[in-house]
Amino acid sequence: PKHQQAQVPLIKGKTVRETMEEKGLWEDFRQKYPYNPMAKFDSSFAAADEPMTNDADLSYYGVISIGTPPQSFKVIFDTGSSNLWVPSVYCSSQACQNHQKFDPRQSSTFKWAGKSLSIQYGTGSMTGSLAYDTVRVRTRDIVDTNQMFGLSQTEAPFMAHMVADGILGLAFASISSSGATPVFDNMIAEGLLSQDLFSVYLTSNSQSGSMLTLGGIDSSYYTGQIAWIPLSSETYWQITMESVTINGNVIACNGGCQAIVDTGTSLLVGPAADINNMNQWVGATVNNGDAVVNCNNIQSMPDISFNINGYSFTIPASTYVRQSTYYGCRTGFSGSDSNLWILGDVFIREYYSIFDRSNRMVGLAKSA
């Protein structure tokens, strides 16, 4: 059946950072591989024009299958990158030992593409080969034939701590490594979806309940009106933000800034000076890169407003503070040395996000 929508349930898994914190490995790892949440957005990090993917904070994943008969994989649906790749039987890295591996010999629809793939990460890289096969989302619903994807041959050490097996990028073809057509573009080209858009709902606390809707908008996931914001660049889902305010005071993004709506980043990332200022305004103490707050103060901490295209998107402390068993309460803000902002999961949990290709816009509505 053509021209439909498919809903893909997403699971909120532990991030690499959380897993490593629990095992007491994060501090050493962070020293050995300085973590850079901006890595995938900074062309100076990329080999040629290859996008990067934030590694330590990926958490929402869903299941797809590749091949005939189908082989299933857990993938991160990442609006901040554009390639699909999964581990393969040709990979001997540690990360491939504890994840599902694709075996081309078991698929009757598989074809090698004769091209290699290399994606740099904040803490290492993934290399492999490109190939074509059938990708199924929700098994019966959407059958995407002749989809180019990567089979990993080497994977960086941190990937051994990832819950998901691979990554499915939902950004634009212009940043796809080796010119591989992204999954969403291929689905549109094959006439599989009723609308040239997809939307994302992320739950806050529960592991289940998050949803990716391909080809549609699901009104049960939001309340009120959708605010539409034009894209300022067709690479990532990039928009212009006017300012960040607390009680009417500009605390960051003074005079405007560029922001990316990114399901593949857990935190809210911005220039270090702005993030430090935000942390001060909300009363956080910064210690070793972590902005710590007293868990008992959450109720009295201020809302933060992100002012975009004339609308104000407000995030309460209950959303921007993250609580962990081991580290107490920390803000979900992370500083970087780039001017680009990333509105990651901290933001998307509060606002249902619609990624509209045909009208080149992002839609945001209050999550239900």
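The values are calculated or read from the model by the stated rules, or taken from the named source; none is laboratory data. Here the structure is a predicted model, which is why all the values come from computation and not from measurement. Cβ sites come from the backbone with ideal geometry, for glycine too, and all protein chains shown count toward neighbours. Only protein heavy atoms, including side chains, enter the accessible area calculation; ligands, DNA and RNA are left aside. Shrake-Rupley method; radii C 1.70, N 1.55, O 1.52, S 1.80 Å.
Remark: the chain carries 38 Å² of accessible area per residue (probe radius 1.4 Å; ligands, DNA and RNA excluded).
For an R0 of 56 angstrom, estimate the FRET efficiency from the Cβ-Cβ distance between CYS295 and ALA189 and round to the nearest 0.05. Plugging the Cβ-Cβ distance into 1/(1 + (r/R0)^6) gives 0.70. Split the chain at each of the trypsin sites (Lys or Arg not before Pro) in a DSSP loop with at most 14 other beta carbon atoms within 10 Å, and the longest piece is 141-359. The phi torsions of the stretch 249-261, fed into the Karplus equation with coefficients 6.51, -1.76 and 1.60 and a -60° offset, translate into couplings of 8, 6, 10, 6, 6, 5, x, x, 6, 9, 9, 10, 8 Hz, rounded to whole numbers, with Gly and Pro shown as x.
Measuring between alpha carbons in the structure, the pairs from LYS23/LYS366; LYS14/LYS115; LYS74/LYS366; LYS12/LYS111; LYS23/LYS115; LYS74/LYS111 lying more than 26 angstrom apart are LYS23/LYS366; LYS14/LYS115; LYS74/LYS366; LYS12/LYS111; LYS23/LYS115.
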